[in-house]
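The values are calculated or read from the model by the stated rules, or taken from the named source; none is laboratory data. Nothing here was measured: the structure is a model prediction, and the numbers come from that model. Ideal geometry is used to build each Cβ from the backbone, glycine not excepted, and the neighbour counts take in all protein chains shown.
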Amino acid sequence: MATDTKRLSAKTVVVGSGSGGATVARELARRGQDVLILERGAYHKPLGSYVNLFRMADRFFTLASVEGTQMVRLLTVGGSTIAFLGTAFLPPAWLKDRHGIDLAPYVEDITREFKLAPVPERLIGEGAKAIMKAARDEGLDWRPLPHFIDWDKCGARCRKLFAGSGKGAKWTARDYVEEALGAGARLKTRMAVEQVLSEGGRVTGVRGTGPGGTFEIAAETVVLAAGGLGTPPILQASGIPEAGQGVIIDPLILTYGVYSGRGSGRDIPMGCGTTDLQDEGIIMTDCIDPWPLYLFGLLMGGPKAVAGFRHFPHTLGIMAKIRDDFAGAVNADGTVSKPLGEKEQSLLARGSEISGRILRRAGCDPGSIVSTPPRGAHPGGTVRIGDVLDTDLQTRIPGLYVCDASVIPEPCGMPPVLMLMGLARRLVAEKLAV
(Lines give C-alpha, C1' and ligand atoms only; values in the text may rest on other atoms or scores of the structure.)
Protein backbone atom coordinates (compact mmCIF):
# COMPACT_ATOMS: atom_id res chain seq x y z
CA MET A 1 0.00 0.00 0.00
CA ALA A 2 1.38 3.41 -0.95
CA THR A 3 1.60 6.12 1.70
CA ASP A 4 1.76 9.91 1.72
CA THR A 5 5.48 9.47 1.16
CA LYS A 6 4.64 8.79 -2.50
CA ARG A 7 3.63 12.42 -2.89
CA LEU A 8 6.96 13.73 -1.64
CA SER A 9 9.36 15.55 -3.91
CA ALA A 10 12.63 17.42 -3.50
CA LYS A 11 15.14 19.21 -5.62
CA THR A 12 17.80 16.80 -4.34
CA VAL A 13 17.30 13.40 -2.74
CA VAL A 14 20.28 12.08 -0.79
CA VAL A 15 20.14 8.32 -0.24
CA GLY A 16 22.12 7.46 2.90
CA SER A 17 23.37 9.54 5.81
CA GLY A 18 26.97 8.44 6.34
CA SER A 19 30.00 10.70 5.91
CA GLY A 20 29.38 11.33 2.20
CA GLY A 21 25.60 11.69 2.23
CA ALA A 22 25.41 13.75 5.41
CA THR A 23 28.08 16.16 4.15
CA VAL A 24 26.28 16.63 0.81
CA ALA A 25 22.96 17.22 2.59
CA ARG A 26 24.45 19.67 5.07
CA GLU A 27 26.30 21.68 2.42
CA LEU A 28 23.24 21.90 0.15
CA ALA A 29 20.87 22.78 2.97
CA ARG A 30 23.17 25.53 4.19
CA ARG A 31 22.98 26.97 0.68
CA GLY A 32 19.19 27.05 0.90
CA GLN A 33 18.50 24.10 -1.39
CA ASP A 34 15.56 21.73 -0.95
CA VAL A 35 17.06 18.46 0.33
CA LEU A 36 15.43 15.20 1.40
CA ILE A 37 17.58 12.57 3.15
CA LEU A 38 16.43 8.96 2.92
CA GLU A 39 18.00 6.58 5.44
CA ARG A 40 17.47 2.83 5.36
CA GLY A 41 18.08 2.50 9.10
CA ALA A 42 16.35 4.03 12.10
CA TYR A 43 17.31 6.98 14.27
CA HIS A 44 18.67 4.90 17.12
CA LYS A 45 19.05 6.70 20.44
CA PRO A 46 20.93 7.16 22.65
CA LEU A 47 24.44 7.07 21.28
CA GLY A 48 27.02 5.58 23.60
CA SER A 49 24.89 2.48 24.15
CA TYR A 50 26.35 -0.91 23.21
CA VAL A 51 22.83 -2.35 23.09
CA ASN A 52 21.94 0.21 20.43
CA LEU A 53 25.21 -0.48 18.65
CA PHE A 54 24.15 -4.09 18.11
CA ARG A 55 20.72 -2.88 16.96
CA MET A 56 22.38 -0.59 14.41
CA ALA A 57 24.72 -3.25 13.05
CA ASP A 58 23.65 -5.01 9.88
CA ARG A 59 22.75 -8.56 10.96
CA PHE A 60 23.96 -7.85 14.49
CA PHE A 61 27.65 -7.91 13.46
CA THR A 62 27.31 -11.22 11.58
CA LEU A 63 27.39 -9.67 8.08
CA ALA A 64 30.00 -11.57 6.05
CA SER A 65 31.12 -12.25 2.52
CA VAL A 66 30.17 -15.59 0.98
CA GLU A 67 33.78 -16.60 1.69
CA GLY A 68 33.20 -15.98 5.40
CA THR A 69 35.05 -12.70 6.01
CA GLN A 70 33.16 -10.59 8.53
CA MET A 71 32.33 -7.03 7.51
CA VAL A 72 30.93 -4.19 9.58
CA ARG A 73 28.09 -1.98 8.38
CA LEU A 74 25.77 0.13 10.51
CA LEU A 75 22.24 0.89 9.32
CA THR A 76 21.31 4.03 11.21
CA VAL A 77 21.25 7.79 10.85
CA GLY A 78 24.93 8.65 10.58
CA GLY A 79 25.81 5.26 9.09
CA SER A 80 29.01 3.53 10.05
CA THR A 81 30.56 6.75 11.35
CA ILE A 82 28.76 5.97 14.61
CA ALA A 83 31.30 3.18 15.16
CA PHE A 84 34.30 4.70 13.37
CA LEU A 85 37.02 5.69 15.78
CA GLY A 86 37.60 9.23 14.60
CA THR A 87 41.03 8.82 13.03
CA ALA A 88 41.72 11.40 10.32
CA PHE A 89 43.97 10.14 7.51
CA LEU A 90 44.72 12.54 4.66
CA PRO A 91 43.43 11.58 1.19
CA PRO A 92 46.03 9.64 -0.81
CA ALA A 93 48.24 11.62 -3.19
CA TRP A 94 47.16 9.44 -6.13
CA LEU A 95 43.69 10.99 -6.04
CA LYS A 96 45.16 14.20 -7.47
CA ASP A 97 48.18 12.75 -9.26
CA ARG A 98 46.35 10.05 -11.24
CA HIS A 99 42.72 11.15 -11.20
CA GLY A 100 42.98 14.94 -11.24
CA ILE A 101 40.86 15.41 -8.10
CA ASP A 102 42.35 18.06 -5.82
CA LEU A 103 40.76 17.96 -2.38
CA ALA A 104 43.35 20.17 -0.68
CA PRO A 105 41.15 23.27 -0.20
CA TYR A 106 38.28 21.18 1.16
CA VAL A 107 40.49 19.17 3.47
CA GLU A 108 42.00 22.41 4.76
CA ASP A 109 38.51 23.71 5.54
CA ILE A 110 37.63 20.49 7.37
CA THR A 111 40.89 20.57 9.31
CA ARG A 112 40.16 24.10 10.47
CA GLU A 113 36.53 23.34 11.28
CA PHE A 114 37.35 20.37 13.49
CA LYS A 115 40.76 21.53 14.69
CA LEU A 116 42.05 18.06 13.87
CA ALA A 117 44.76 17.24 16.37
CA PRO A 118 46.55 14.16 17.74
CA VAL A 119 45.56 12.53 21.01
CA PRO A 120 46.84 14.73 23.85
CA GLU A 121 49.38 13.31 26.25
CA ARG A 122 46.91 13.27 29.15
CA LEU A 123 44.67 10.80 27.29
CA ILE A 124 47.38 8.31 26.30
CA GLY A 125 46.89 5.48 28.76
CA GLU A 126 49.25 2.96 30.29
CA GLY A 127 48.62 0.30 27.67
CA ALA A 128 48.99 2.72 24.76
CA LYS A 129 52.26 4.01 26.19
CA ALA A 130 53.61 0.50 26.62
CA ILE A 131 52.77 -0.32 22.99
CA MET A 132 54.22 2.96 21.72
CA LYS A 133 57.50 2.49 23.55
CA ALA A 134 57.82 -1.11 22.34
CA ALA A 135 56.99 -0.12 18.75
CA ARG A 136 59.60 2.62 18.81
CA ASP A 137 62.13 0.16 20.22
CA GLU A 138 61.28 -1.97 17.18
CA GLY A 139 62.27 0.98 14.98
CA LEU A 140 58.79 2.22 14.08
CA ASP A 141 57.72 5.87 14.17
CA TRP A 142 54.74 5.20 16.42
CA ARG A 143 52.96 8.37 17.50
CA PRO A 144 49.57 9.89 18.46
CA LEU A 145 47.21 10.23 15.49
CA PRO A 146 44.87 13.15 14.59
CA HIS A 147 41.16 12.58 15.24
CA PHE A 148 37.69 14.00 14.66
CA ILE A 149 37.40 14.38 18.44
CA ASP A 150 36.95 17.44 20.61
CA TRP A 151 39.52 16.57 23.25
CA ASP A 152 38.16 19.18 25.65
CA LYS A 153 34.93 17.16 25.94
CA CYS A 154 36.73 13.98 26.94
CA GLY A 155 37.59 14.93 30.50
CA ALA A 156 39.91 12.35 32.03
CA ARG A 157 38.73 9.66 29.58
CA CYS A 158 37.06 9.41 26.19
CA ARG A 159 34.73 6.43 26.46
CA LYS A 160 32.58 4.37 24.12
CA LEU A 161 33.96 5.72 20.85
CA PHE A 162 32.81 2.49 19.16
CA ALA A 163 29.23 3.35 20.11
CA GLY A 164 29.25 7.01 19.13
CA SER A 165 30.76 8.48 22.32
CA GLY A 166 28.25 9.16 25.06
CA LYS A 167 29.85 12.54 25.77
CA GLY A 168 29.50 13.69 22.17
CA ALA A 169 33.24 14.27 21.87
CA LYS A 170 33.59 12.33 18.62
CA TRP A 171 32.13 13.70 15.41
CA THR A 172 29.73 11.42 13.57
CA ALA A 173 27.79 12.05 10.38
CA ARG A 174 24.71 12.33 12.57
CA ASP A 175 26.03 15.75 13.63
CA TYR A 176 25.93 16.90 10.01
CA VAL A 177 22.44 15.43 9.55
CA GLU A 178 21.27 17.52 12.50
CA GLU A 179 22.88 20.62 10.97
CA ALA A 180 21.18 19.88 7.66
CA LEU A 181 17.81 19.53 9.39
CA GLY A 182 18.41 22.79 11.21
CA ALA A 183 19.00 24.45 7.85
CA GLY A 184 15.73 23.14 6.40
CA ALA A 185 16.53 19.68 5.07
CA ARG A 186 14.08 16.80 5.66
CA LEU A 187 14.82 13.27 6.86
CA LYS A 188 12.86 10.05 6.38
CA THR A 189 14.10 6.89 8.12
CA ARG A 190 13.50 3.18 7.44
CA MET A 191 13.36 4.03 3.73
CA ALA A 192 15.03 1.35 1.60
CA VAL A 193 15.65 2.83 -1.84
CA GLU A 194 15.68 0.09 -4.47
CA GLN A 195 15.85 1.92 -7.79
CA VAL A 196 16.65 5.30 -9.28
CA LEU A 197 14.03 6.45 -11.78
CA SER A 198 14.85 8.19 -15.03
CA GLU A 199 13.02 9.43 -18.08
CA GLY A 200 14.32 10.84 -21.34
CA GLY A 201 17.86 10.00 -20.27
CA ARG A 202 17.72 12.04 -17.04
CA VAL A 203 17.06 11.19 -13.42
CA THR A 204 13.51 11.83 -12.15
CA GLY A 205 13.49 10.34 -8.66
CA VAL A 206 13.71 7.14 -6.62
CA ARG A 207 11.55 4.18 -5.75
CA GLY A 208 11.71 1.88 -2.75
CA THR A 209 10.00 0.39 0.26
CA GLY A 210 9.28 2.22 3.50
CA PRO A 211 7.30 1.59 6.68
CA GLY A 212 4.00 1.96 4.81
CA GLY A 213 4.90 0.09 1.64
CA THR A 214 6.18 1.13 -1.77
CA PHE A 215 7.08 4.77 -2.35
CA GLU A 216 8.17 6.97 -5.23
CA ILE A 217 9.80 10.34 -4.69
CA ALA A 218 10.35 12.87 -7.46
CA ALA A 219 13.69 14.67 -7.62
CA GLU A 220 15.77 16.73 -10.03
CA THR A 221 19.02 15.33 -8.60
CA VAL A 222 19.77 12.08 -6.77
CA VAL A 223 22.95 11.48 -4.75
CA LEU A 224 23.45 7.84 -3.82
CA ALA A 225 25.40 7.53 -0.58
CA ALA A 226 24.21 4.13 0.61
CA GLY A 227 27.75 2.81 1.05
CA GLY A 228 30.09 0.44 -0.73
CA LEU A 229 27.66 -2.43 -0.26
CA GLY A 230 24.36 -0.57 -0.49
CA THR A 231 24.85 1.59 -3.57
CA PRO A 232 25.73 -1.11 -6.18
CA PRO A 233 22.40 -3.04 -6.03
CA ILE A 234 20.50 0.22 -6.46
CA LEU A 235 22.52 1.10 -9.55
CA GLN A 236 22.17 -2.43 -10.96
CA ALA A 237 18.40 -2.09 -10.68
CA SER A 238 18.62 1.34 -12.36
CA GLY A 239 20.27 0.26 -15.61
CA ILE A 240 23.96 0.31 -14.59
CA PRO A 241 24.77 -3.42 -14.37
CA GLU A 242 28.55 -2.95 -14.11
CA ALA A 243 28.19 -1.47 -10.63
CA GLY A 244 29.47 -3.74 -7.89
CA GLN A 245 32.19 -5.48 -9.90
CA GLY A 246 35.28 -5.59 -7.70
CA VAL A 247 35.36 -4.86 -3.98
CA ILE A 248 37.95 -3.57 -1.52
CA ILE A 249 37.41 -3.97 2.22
CA ASP A 250 40.70 -2.78 3.78
CA PRO A 251 41.08 -6.05 5.71
CA LEU A 252 42.36 -5.86 9.25
CA ILE A 253 43.55 -8.23 11.89
CA LEU A 254 43.74 -7.64 15.65
CA THR A 255 46.55 -9.19 17.66
CA TYR A 256 46.16 -9.49 21.43
CA GLY A 257 48.49 -10.28 24.30
CA VAL A 258 48.16 -10.34 28.09
CA TYR A 259 50.53 -8.50 30.41
CA SER A 260 50.65 -7.48 34.05
CA GLY A 261 49.55 -3.86 33.72
CA ARG A 262 46.38 -2.12 32.63
CA GLY A 263 45.30 -3.22 29.17
CA SER A 264 44.09 -1.38 26.09
CA GLY A 265 40.43 -1.51 27.08
CA ARG A 266 40.65 1.89 28.82
CA ASP A 267 42.65 3.53 26.03
CA ILE A 268 41.41 5.49 23.02
CA PRO A 269 41.28 2.87 20.25
CA MET A 270 43.41 3.78 17.24
CA GLY A 271 44.82 6.61 19.35
CA CYS A 272 48.44 6.02 18.33
CA GLY A 273 50.06 4.19 15.46
CA THR A 274 52.40 4.23 12.49
CA THR A 275 52.28 4.61 8.72
CA ASP A 276 55.92 3.51 8.30
CA LEU A 277 54.76 0.40 6.45
CA GLN A 278 52.17 2.13 4.29
CA ASP A 279 54.22 1.72 1.11
CA GLU A 280 54.04 -2.04 1.72
CA GLY A 281 50.30 -1.78 2.24
CA ILE A 282 50.08 -1.88 6.06
CA ILE A 283 49.11 0.67 8.69
CA MET A 284 49.19 -0.19 12.39
CA THR A 285 47.54 1.28 15.47
CA ASP A 286 46.83 0.30 19.04
CA CYS A 287 43.30 -1.10 19.24
CA ILE A 288 41.15 -3.59 21.08
CA ASP A 289 37.49 -4.40 20.61
CA PRO A 290 35.28 -2.94 23.35
CA TRP A 291 34.35 -5.55 25.91
CA PRO A 292 30.90 -6.41 24.44
CA LEU A 293 32.36 -7.09 20.99
CA TYR A 294 35.39 -8.82 22.50
CA LEU A 295 33.08 -11.10 24.49
CA PHE A 296 30.87 -11.61 21.43
CA GLY A 297 33.91 -12.85 19.52
CA LEU A 298 34.82 -15.21 22.35
CA LEU A 299 31.27 -16.58 22.47
CA MET A 300 31.64 -17.64 18.85
CA GLY A 301 34.68 -19.68 19.94
CA GLY A 302 32.79 -21.71 22.54
CA PRO A 303 32.99 -22.09 26.36
CA LYS A 304 36.76 -22.63 26.43
CA ALA A 305 37.35 -19.37 24.57
CA VAL A 306 34.93 -17.47 26.81
CA ALA A 307 37.07 -18.36 29.82
CA GLY A 308 39.74 -16.06 28.37
CA PHE A 309 37.51 -13.04 29.03
CA ARG A 310 38.93 -12.84 32.56
CA HIS A 311 42.17 -11.53 30.99
CA PHE A 312 40.45 -8.63 29.21
CA PRO A 313 41.48 -5.95 31.77
CA HIS A 314 45.16 -6.82 31.10
CA THR A 315 44.97 -7.36 27.34
CA LEU A 316 46.92 -5.16 24.93
CA GLY A 317 45.78 -4.97 21.32
CA ILE A 318 47.29 -3.91 18.00
CA MET A 319 45.44 -3.56 14.71
CA ALA A 320 47.15 -4.14 11.37
CA LYS A 321 45.09 -2.88 8.44
CA ILE A 322 46.16 -3.74 4.91
CA ARG A 323 45.61 -2.50 1.38
CA ASP A 324 43.81 -5.19 -0.64
CA ASP A 325 43.16 -5.60 -4.37
CA PHE A 326 39.80 -5.37 -6.12
CA ALA A 327 38.13 -8.77 -6.18
CA GLY A 328 34.68 -10.33 -6.02
CA ALA A 329 31.40 -8.49 -6.43
CA VAL A 330 28.34 -7.05 -4.75
CA ASN A 331 25.35 -8.86 -6.23
CA ALA A 332 21.86 -7.58 -6.98
CA ASP A 333 20.49 -9.36 -3.92
CA GLY A 334 23.05 -7.66 -1.67
CA THR A 335 25.27 -10.70 -1.14
CA VAL A 336 29.00 -10.03 -1.32
CA SER A 337 31.84 -12.12 -2.67
CA LYS A 338 35.26 -10.94 -1.52
CA PRO A 339 38.07 -13.49 -1.71
CA LEU A 340 41.33 -12.67 0.07
CA GLY A 341 44.18 -13.73 -2.17
CA GLU A 342 47.75 -14.75 -1.47
CA LYS A 343 48.91 -11.12 -1.38
CA GLU A 344 46.33 -10.16 1.25
CA GLN A 345 47.03 -13.23 3.35
CA SER A 346 50.76 -12.48 3.25
CA LEU A 347 50.26 -8.85 4.34
CA LEU A 348 47.94 -9.90 7.16
CA ALA A 349 50.48 -12.47 8.34
CA ARG A 350 53.23 -9.85 8.27
CA GLY A 351 51.07 -7.41 10.24
CA SER A 352 50.31 -10.11 12.79
CA GLU A 353 53.99 -11.05 13.12
CA ILE A 354 55.10 -7.43 13.67
CA SER A 355 52.26 -6.91 16.16
CA GLY A 356 53.37 -10.00 18.06
CA ARG A 357 56.94 -8.71 18.27
CA ILE A 358 55.73 -5.38 19.64
CA LEU A 359 53.49 -7.05 22.22
CA ARG A 360 56.26 -9.34 23.44
CA ARG A 361 58.59 -6.36 23.78
CA ALA A 362 55.83 -4.54 25.69
CA GLY A 363 55.86 -7.35 28.26
CA CYS A 364 53.03 -9.60 27.09
CA ASP A 365 53.21 -13.29 27.86
CA PRO A 366 54.36 -14.88 24.56
CA GLY A 367 51.98 -17.78 25.14
CA SER A 368 49.00 -15.42 25.33
CA ILE A 369 49.49 -13.72 21.96
CA VAL A 370 46.75 -14.52 19.46
CA SER A 371 45.35 -12.91 16.30
CA THR A 372 41.72 -12.66 15.24
CA PRO A 373 40.38 -13.80 11.86
CA PRO A 374 40.48 -11.04 9.20
CA ARG A 375 37.53 -8.69 8.95
CA GLY A 376 36.57 -5.97 6.50
CA ALA A 377 36.89 -2.42 7.84
CA HIS A 378 35.12 -0.25 5.26
CA PRO A 379 33.90 -1.94 2.05
CA GLY A 380 34.22 0.26 -1.01
CA GLY A 381 35.51 0.72 -4.53
CA THR A 382 32.39 -0.87 -6.02
CA VAL A 383 31.31 2.13 -8.16
CA ARG A 384 34.67 3.56 -9.05
CA ILE A 385 35.69 6.97 -10.38
CA GLY A 386 37.00 6.47 -13.89
CA ASP A 387 34.96 3.31 -14.35
CA VAL A 388 31.29 3.81 -13.45
CA LEU A 389 31.66 7.49 -12.51
CA ASP A 390 33.32 10.55 -14.00
CA THR A 391 35.54 12.76 -11.87
CA ASP A 392 32.46 14.79 -10.85
CA LEU A 393 31.03 11.60 -9.29
CA GLN A 394 28.26 11.52 -11.91
CA THR A 395 27.01 8.32 -13.54
CA ARG A 396 26.10 8.11 -17.20
CA ILE A 397 22.56 9.10 -16.17
CA PRO A 398 22.60 12.90 -15.90
CA GLY A 399 21.59 14.07 -12.47
CA LEU A 400 22.56 10.82 -10.75
CA TYR A 401 25.66 11.05 -8.54
CA VAL A 402 27.39 8.79 -6.04
CA CYS A 403 29.26 9.97 -2.93
CA ASP A 404 30.29 7.21 -0.55
CA ALA A 405 33.09 4.68 -0.17
CA SER A 406 32.01 2.93 -3.36
CA VAL A 407 33.59 5.73 -5.46
CA ILE A 408 37.18 5.05 -4.30
CA PRO A 409 39.10 4.37 -7.52
CA GLU A 410 42.15 2.56 -6.14
CA PRO A 411 42.91 0.32 -3.17
CA CYS A 412 43.24 2.56 -0.15
CA GLY A 413 44.09 0.65 3.03
CA MET A 414 43.15 3.41 5.45
CA PRO A 415 40.03 5.05 6.94
CA PRO A 416 38.41 7.08 4.12
CA VAL A 417 36.19 9.47 6.12
CA LEU A 418 38.26 12.62 5.56
CA MET A 419 38.53 11.80 1.84
CA LEU A 420 34.77 11.23 1.52
CA MET A 421 33.95 14.46 3.33
CA GLY A 422 36.31 16.29 0.96
CA LEU A 423 34.72 14.64 -2.09
CA ALA A 424 31.26 15.58 -0.84
CA ARG A 425 32.19 19.23 -0.32
CA ARG A 426 33.81 19.33 -3.73
CA LEU A 427 30.72 17.79 -5.34
CA VAL A 428 28.45 20.44 -3.85
CA ALA A 429 30.76 23.40 -4.45
CA GLU A 430 31.78 22.54 -7.99
CA LYS A 431 28.70 20.77 -9.36
CA LEU A 432 25.47 20.70 -7.36
CA ALA A 433 25.47 24.31 -6.13
CA VAL A 434 26.55 25.81 -9.46
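Hey, does the stretch 275-282 have a residue that's more than 25 Å from LEU316 (Cα to Cα) and either assigned to a loop (DSSP other than H, G, I, E, B) or not β-branched (Val, Ile, Thr) (or both)? Checked against the condition, which is being more than 25 Å from LEU316 (Cα to Cα) and either assigned to a loop (DSSP other than H, G, I, E, B) or not β-branched (Val, Ile, Thr) (or both), the stretch 275-282 yields at least one hit. The set of residues in the stretch 415-429 that are out of contact with any Leu (no Cβ under 7 Å at 6 or more places or on another chain) and of a type in the set (Lys, Arg) contains only ARG425. Considering only the stretch 288-302, I want to know if a residue exists there that is of a type in the set (Asp, Glu) and at pLDDT below 95. Yes: the stretch 288-302 contains one or more residues that are of a type in the set (Asp, Glu) and at pLDDT below 95. Quick check on the stretch 40-62: of everything there that is surrounded by 19 or more Cβ atoms within 10 Å (Cβ to Cβ) and within 18 Å of LEU254 (Cβ to Cβ), which residue is modelled with the lowest pLDDT? This residue is PHE61.
The residues listed here are GLU199, GLU194, GLU179, GLU220; of these, the one that is free of Cβ contacts under 8 Å to residues at least 12 places away in the same chain and acidic (Asp, Glu) is GLU199.
A Cβ distance below 9 Å, combined with a sequence gap of six or more or placement on separate chains, defines the contacts here; from the stretch 121-134, residues that are more than 14 Å from GLY257 (Cβ to Cβ) and modelled with pLDDT of 95 or more reach residues that are surrounded by fewer than 21 Cβ atoms within 10 Å (Cβ to Cβ) and of a type in the set (Val, Ile, Thr) in the pairs MET132/ILE124. Among the residues here, ASP250 qualifies as crowded, with 24+ Cβ neighbours inside 10 Å and out of contact with any Ser or Thr (no Cβ under 8 Å at 6 or more places or on another chain).
Number of residues in the stretch 57-86 that are assigned to a helix (DSSP H, G or I) and either touching a Cys at 6+ places or on another chain (Cβ under 8 Å) or of a type in the set (Phe, Trp, Tyr) (or both) equals 2.
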